[in-house]
Amino acid sequence: MKAEIKTRIKQLRSEGYGYKKIAKALDLTLSVVRYAVNKMSDEDLLEGHCEKCGIKIKSIKGKKRKRFCSDRCRWDWWNSHLRDINKKAFTTHQCKCCSREFSSYGNNRRIYCSHECYIKDKLSKKSTT
């Protein structure tokens with residue numbers, strides 16, 4: 001399909017025309033117009049811009065939409081927006097060795113507050129056996 005017909009279909013569609021009116025105005029069949037509109041909307045959904053640098057990126061159809069063009073941009077963006085992240089996975093525990101209360105993020109099965117307490121507890125068990 002010619003580019004000028006595609007742009008005309010897109011223009012008429014944005015003006016609110018339906019498939020039948022577009023087909024009649026451009027002397028095309030209804031199925032051709034429907035196919036062109038569906039194809040254009042698929043192409044539009046697959047294109048986006050990197051949230052860090054603004055470079056145009058394409059996503060793969062059927063997969064999650066890409067937000068960043070590279071790992072570097074993703075890393076930089078997330079590090080510059082740390083206070084926007086709502087961290088909910090904090091849990092409080094009591095240390096098995098020193099009985100001090102501590103909190104951990106993302107690990108609800110921790111039993112020691114530090115590596116030193118872990119070593120101390122393991123060595124004390126070793127010396128008793």
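Listed values, structure above:
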| read-out | value |
| --- | --- |
| Hits in the range 48-103 (condition: outside any loop (DSSP other than H, G, I, E, B), in contact with a Phe, Trp or Tyr (Cβ under 9 Å, 6 or more places away or on another chain) and among the aliphatic types (A, V, I, L, M)) | 57 |
| Residue that is modelled with the highest pLDDT, among those in the range 104-129 that are of a type in the set (S, T, N, Q) and not in a strand (DSSP E or B) | 114 |
| Residues that are over 30 Å from residue 123 (Cβ atoms), surrounded by 10 or more Cβ atoms within 10 Å (Cβ to Cβ) and among the charged types (D, E, K, R), drawn from the range 55-101 | 58, 65, 66, 67, 72, 74, 76 |
| Meets criteria (of a type in the set (S, T, N, Q), surrounded by 13 or more Cβ atoms within 10 Å (Cβ to Cβ) and at pLDDT 90 or above) for residue 31 | no |
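The values are calculated or read from the model by the stated rules, or taken from the named source; none is laboratory data. Keep in mind the model is a prediction, meaning the values are calculated, not measured. Cβ: placed from backbone, ideal geometry, glycine included. Neighbour counts: every protein chain shown.
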